[in-house]
Amino acid sequence: MTTSTTLDASAVAPRRSAARARWLAVLRTPVGAGAGLLLALVLLLALVAPLLWSGEADRIDTSDVLQGASAEHWVGTDALGRDVFARVLVATRLSIGLALAATSIAVVLGLLLGCAPLLLGRRGGRLVTAGVNIAVAFPGLLLALFFAVVFGVGMTGAVLAIGFAGAPAFARLSQTLAAGIADRDFVSAARIAGVGRFRVLVRHVLPNIGEPLVVNATIGAGGALLAFAGLSFLGLGVQAPSYDWGRLLQDGLSGIYIHPVAALAPGVAIVVAGLAFNLFGEAVAKGIGLTTALGGGFAPGRALRREETRRRAAAADQTPPATDPGPEPGRPVLDVQDLSVTFPGAAGPVRPVRGVSFRIGRGEAVGVVGESGSGKSLTALAIARLVEQPGEVTAGRLRFQGADLLSGGDRTHRRLLGTSFAMVFQDPMTSFNPTRRIGRQLAEVAQEHQGMSRRAALARAVDRLRSVRVPAAERRAHQYPHEFSGGMRQRAMIGMGLMGEPSLIVADEPTTALDVTVQRQVLDLLAAVRAEDDVALLLISHDVAVVGQVCERVLVMYAGRVVEDLPADRLRTGARHPYTRALVAAVPDMDVDLDQPLPVIPGRPVDPAHQPPGCAYAPRCPLASARCTDEDPALADDGTGWRVACWHAGEVAADRDVPGAAPVALALGERA
């Protein structure tokens, strides 16, 4: 499925330059500069020390055994007369190398475990997550000792032990970060566009969680260094004749009462190197605004079983069936009947979308209006098959271009949806992957569904950007999302939808956060696309005026239901449902009396988890009667040729005395 959304611009420089500037800013702080210099010296010493001092460190002199500090031997000699200071310097390479190797294992293994829910799916991911949660509960040193016994004594066993012991913490961090990115709309877009799980992980998730992983890996290296020294000190790590700082610390301990400096030197080296890694990681974390916590995360709660959800939903549902989806203009592009979306709740199943039915014909523009929480966007997501577990979508009929979307797996309809269904999401912060160029994101659609080569797909992306009036399209295709203005991103979104040959565009609040001039341009562009290619449009909006201007038919939703289906040209003067009239009355126009308060709809929208009996709008309706609170009216033709769900359709409440409803009643009477 071709999808797109928007990302709000937060910087004026390119993304890479901004990242480079953040890292340079870290080094300009006193702590960052000091820690960076110290870490650089430690790493440099690890490279050059074995080349410069190996001979002196390995030279045995039995005549100079266990000597104290002197001008010739700065920290004395060991039991074989070898220079301890030279051995400490030479041991830097092995100590740092083993710590980095263990950290690499911890990061890679933790990344695989943390991203398992994305790779294995919900059930497999839950098993891995449960195992990670259990492992995190144990202290890291205890796990290291356990794995050291499992893998055996020696360098290899110690590296694996510390790597495996550190993996759960990195897994928890990776899981938390990946879960936040996986909820973004551009990831959903990539999945529906046919991108596999592994490619979604590599292309879209990992580039967006790289910086916090690097920061925590730097800090983790300091902990791995200390842990490795501890294992070597206990005799489980490096074995003679090799030596690291932990091994030197163990050797110096035997003569600590005679020659304490020999034990002190490797201890100081461990502390200094550990501080270098930790302080640098902390400085980077503060400098680029990232958390350094290795814990956190979440464990998903236990979801209700599907059959139990269905049974309880059916028992609790009092919504009358909507068996008539409305006018059928030949073969509809989209045919929806009795669509419902159910989520598990604390007190039972919650149904934010209940029995929605409608049809959209070729080239037809249908608007969906209603207050926030009325189920508009969730209806569009359900049609697009973007509602994931534990949400459940059911319908009597859900057909797109004659194909049944309720039967078959994801692969069955992938090509149809990928080339013929375009969706523009609402959230302006999650439209495009911020780490990938606009042109490559558009080209991915053509590569996946039309089999184009990389070069041909990019050429089509440039052509589509040009078709939606993006200036300098070839140059713009190589820019990142944050380099586009809000209006240009909206155009690029529509261009992404046109990468195939869509027969339906679902636009969810496409003019959000745009000024009126750019809003007009975007709406004109959608109208031009409709006229040129005879594309159907489902426009979701809070703006009743916009829907009335752009669409031919309007669906009014309240509490998860369609309560009225009427022509757009009758929205202001011919609406028959009190809620529709209240929405229209709440929109100010040029004739509004500035001395009078603006009309409002009293009360609050219905909580989907606590649907009242009868008509959901009854507590706020000036026309409500006893029948309204007892029986929920079905959506049906009331004799006008269009559908409405109301027991008092077309009545006016101007003369009724309903406490708390005067503003709406007056507005309905004046504008009916």
Mean separation of Cα contacts under 8 Å (at least 6 apart) over the residue count of segment 2-287, i.e. the relative contact order in percent, is 24 percent
In debye, nearest 20, what is the charge dipole magnitude of segment 2-287 about its Cα centre with +1 on Lys and Arg Cβ and -1 on Asp and Glu Cβ, if you could check?
1620 debye
Among 65, 535, 387, rank each residue by its count of other Cβ atoms within 10 Å, from fewest to most, as a rough exposure measure.
65, 387, 535
Return the Rg/Rh ratio of segment 2-287 with Cα-based radii and a Kirkwood Rh.
1.08
Peptide ranges 388-400, 413-425 listed from the most packed, as the mean C-beta count within 10 angstrom indicates:
413-425, 388-400
Tell me the label-point distance for the pair residue 362, residue 198, using the 7 Å Cα-to-Cβ offset, in nm and rounded to one decimal.
4.2 nm
Long-range amide H partners of residue 643 with built H, under 5 Å
565
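Bear in mind these aren't lab numbers, they're just calculated from the coordinates by the rules spelled out. This structure is a prediction, so every number in the text was calculated from the model and none was measured. Please note: Cβ atoms are built from the backbone with ideal geometry, for glycine as well, and neighbour counts cover all protein chains shown.
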